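Quick note: the coordinates plus some simple rules give every number you see, no bench work behind them. Given the structure is predicted, the values throughout are model-derived calculations rather than measurements. As a convention, Cβ positions derive from the backbone with ideal geometry for all residues, glycine included, and neighbour counts pool all protein chains shown.
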């Protein structure tokens, strides 16, 4: 049976089913789109710029044993605040949430530039992350508000391009600033970009008129705190487990047990709340639940190319950091192109089938990685990453556009945040799971002393190793990364199963003419 493209509305939109009264046709969207791209650039450039300046930061402030929390602390803050910001944007509007997020991010940037030791820098990175959570979720939501269904691939492709350019330019900018200026400038450079984005949002973004509720909206602060506690404990366990302490140690078990207790508290609190941060309908509606699970699996599989491919390129292929980064960056070049063209596919065969094609191709490409010859040539993994980017662009964007189109304005922020939250959690779980897989393979090949970090450090100084020892280490890393890619292929298979058995055959798309969009 042929699947019909999702162009048919689910039914009238009203304040009770997620819509709002009134319709506004967007005019002069250019300044708002520019603001969204600048806001996304703040979040996208952050990680890539900071990573290249780590040696200079550690040399100045010390704290080598805890520097990984520069990234983990930021990730934690972004992830656990996504659902909160999504609900706030549905309750009070996108504009105040986005403005608050930009201000908080810039405040964190100023504080990071003024940090006097590693502990202070980590704390200020968390402040940055609190703003980053608002940036990521609200930018995506406003993008869906601005454009009707047929035009959404345009703005999503632009946002994807921001991530692609950031992946390529970020390390170069960070390296230049750290080498020829001072590492503190990698945070101060955010100020002019953020100031322009802030002015454009304040000046040009005007939200649609909405039906005001009879009672003043109440914020579910107990639910927000419970979600925050569960997220912090769970992600800390996933990020630090197997690195700072063994998986079966007291710290890991305590964190996992504490997160389980907070999750139980969250369920109880959210069921009783009048306006829950994570409403039950997020999981009761098949479309949203399926997209959440499918993109959670995407976060899981993305760990293979983003975390382990650079190690493979340097340790196995013998490339330098810049060349290794290029092998990965080709994926970010094909992704936005594929995403921009995906509307030609899903307009004919539907969101679900388009995503199924994309994730099937991605699974096959990931499964082909272990078939590469040893040691091989750099163009071989680069070609696979180019194809993988094209496949994932065909997978992710139809799901995001599709799920955003099934809800009205008053539910879109919560829906978008739930999708991003699941993807972030999936990525954290993938880092923990595949890190354990890689270290397990290395241990079986090299003995109990083998782990990815120690082997990679040993291969950074090949002169200290015999030719046979270096070759043995490289083959061990090659085998470890092969197993990780096979695991990523399994994650792609799980995502395909979710789309097959959980997602509806047709997404219940709402009529654009019955939904308000922001004025500009």
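Here are a few things to note about the model shown:
- Cα shape, segment 280-520, gyration tensor, a/c 1.5 rule: prolate
- Shape call, segment 376-436: gyration tensor on alpha carbons, a/c limit 1.5: oblate
- In the chain, the calculated helix contribution to ellipticity at 222 nm averages -24500 deg cm²/dmol per residue, counting -39,500 (n - 2.57) for every DSSP H run with n ≥ 4.
- Distance between the pseudo-spin-label points of residue 219 and residue 466 (7 Å out from Cα toward the beta carbon): 6.5 nm.
- Here each label is just a point 7 Å from Cα along the line to Cβ, and for residue 120 and residue 195 those points are 2.3 nm apart.
- Spacing of the two label points (7 Å from each Cα toward its C-beta) at residue 379 and residue 323, in nm: 1.4 nm
- Computed from Cα atoms, the angle from the helix 30-52 axis to the main principal axis of the chain rounds to 20 degrees.
- You can think of it this way: the chain between residue 202 and residue 172 has 7.7 nm of extra reach, that is 0.36 nm per residue less the Cα-Cα gap.
- Label zone at residue 51 (point 7 Å along Cα-to-Cβ), backbone N below 18 Å, segment 102-137: 129
- Full-extension gain in nm, residue 306 to residue 267, via 0.36 nm per residue minus C-alpha separation: 10.7 nm
- The stretch between residue 260 and residue 475, if pulled fully straight at 0.36 nm per residue, gains 73.5 nm over its current Cα-Cα span.
- Cα shape, segment 233-304, gyration tensor, a/c 1.5 rule: oblate
- Rounded to 0.05, the FRET efficiency of the residue 368 and residue 502 pair, given R0 = 35 Å and the Cβ-Cβ distance, is 0.85.
- Folded to 0 to 90 degrees: helix 250-272 orientation relative to the chain principal axis, Cα: 10 degrees
- Backbone N under 14 Å from the residue 182 label point (7 Å along Cα→Cβ), restricted to segment 117-133: 117
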